[in-house]
Every structure is written in C-alpha cells, then in structure tokens.
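Undergrad: There's a structure below that I have some questions on.
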Amino acid sequence: MNETLKVQGMSCGHCVNAVETSVGELQGVSNVKVDLDKGEVAVAYDNSTTSLAEIKETIEDQGYDVV
C-alpha cells in the first residue's frame, strides 16, 4: 500500500528525521519520505503487517498532527 498523509507541525530537518526514522522502524514499512514544503509524509507499507492507524499514531507520538 502507498499512502500520502498530511502532517502539521514539521518545520525542520530534525522533524523530517524524527518522522522518517520512527515510521521506518515499523514492521512492514518499506519506504518513508517526508516533503517538508508540502507538509506530507509518503509511506509505502504492507497492510498485512502494519496499519495506517499505527503509522498515524507513530507520527503523532513524535509530536506532529496528522490531518
């Protein structure tokens, strides 16, 4: 599955690293790419291993809002 999520609160390289690292560590996630200018996180994942809800929760745990 490929999903692009709108995320608010990301403003710098540290934000990008925090989201890409935390989401990338989830089992079943094969790719994570943050577009800081657009406020988007593109995620490729295996939905039999992880869920979109788990990905959103992981981003929110880093202090950002998924809208």
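Quick note: the coordinates plus some simple rules give every number you see, no bench work behind them. Just so it is clear, the model here is predicted, and its values are computed rather than measured. Positions of Cβ are generated from backbone atoms using ideal geometry, with glycine treated the same way; all protein chains shown enter the neighbour counts.
Undergrad: What ³J(HN,Hα) values, in whole Hz, does the Karplus curve 6.51 cos²θ - 1.76 cosθ + 1.60 give for the range 54-63 when θ = phi - 60°, with x put for Gly and Pro?
TA: Karplus-based 3J(HN,Hα) across the range 54-63 equals 5, 5, 4, 4, 5, 5, 5, 5, 7, x Hz.
Undergrad: Hey, another quick one. Counting pairs of alpha carbon atoms under 8 Å apart in space and at least six apart in sequence, what relative contact order in percent does the chain give?
TA: It rounds to 43 percent for the chain.
Undergrad: Across the range 15-21, in residue order, what do the Karplus-derived ³J(HN,Hα) couplings come to in whole Hz, using 6.51 cos²θ - 1.76 cosθ + 1.60 with θ = phi - 60° and x for Gly and Pro?
TA: Couplings: 4, 4, 4, 4, 6, 4, 5 Hz.
Undergrad: Mind checking which aspartates and glutamates have their Cα closer than 18 Å to the Cα of residue 38? Skip sequence neighbours fewer than 8 apart in that chain.
TA: Candidates past the 8-residue exclusion: 3, 20, 60, 65.
Undergrad: Over all directions, the average projected area of the alpha-carbon convex hull for the chain comes to how many nm²? Working shown, then result.
TA: Numbers: hull surface 14.6 nm².
Average projection, Cα convex hull of the chain: 3.6 nm².
Undergrad: Can you give the local net charge around residue 61? Use residues other than it whose beta-carbon is closer than 12 angstrom to its beta-carbon, Lys and Arg +1, Asp and Glu -1.
TA: -4
Undergrad: Give the residues of the range 37-67 whose amide nitrogen is closer than 14 Å to a point set 7 Å from the Cα of residue 1 in the direction of its Cβ.
TA: 43-58
Undergrad: So if I place +1 on the C-beta of Lys and Arg and -1 on the C-beta of Asp and Glu, and nothing else carries charge, what would the dipole magnitude of the chain be about its Cα centre? I want it in debye, nearest 20.
TA: Charge dipole, the chain, about its Cα centre: 140 debye, nearest 20.
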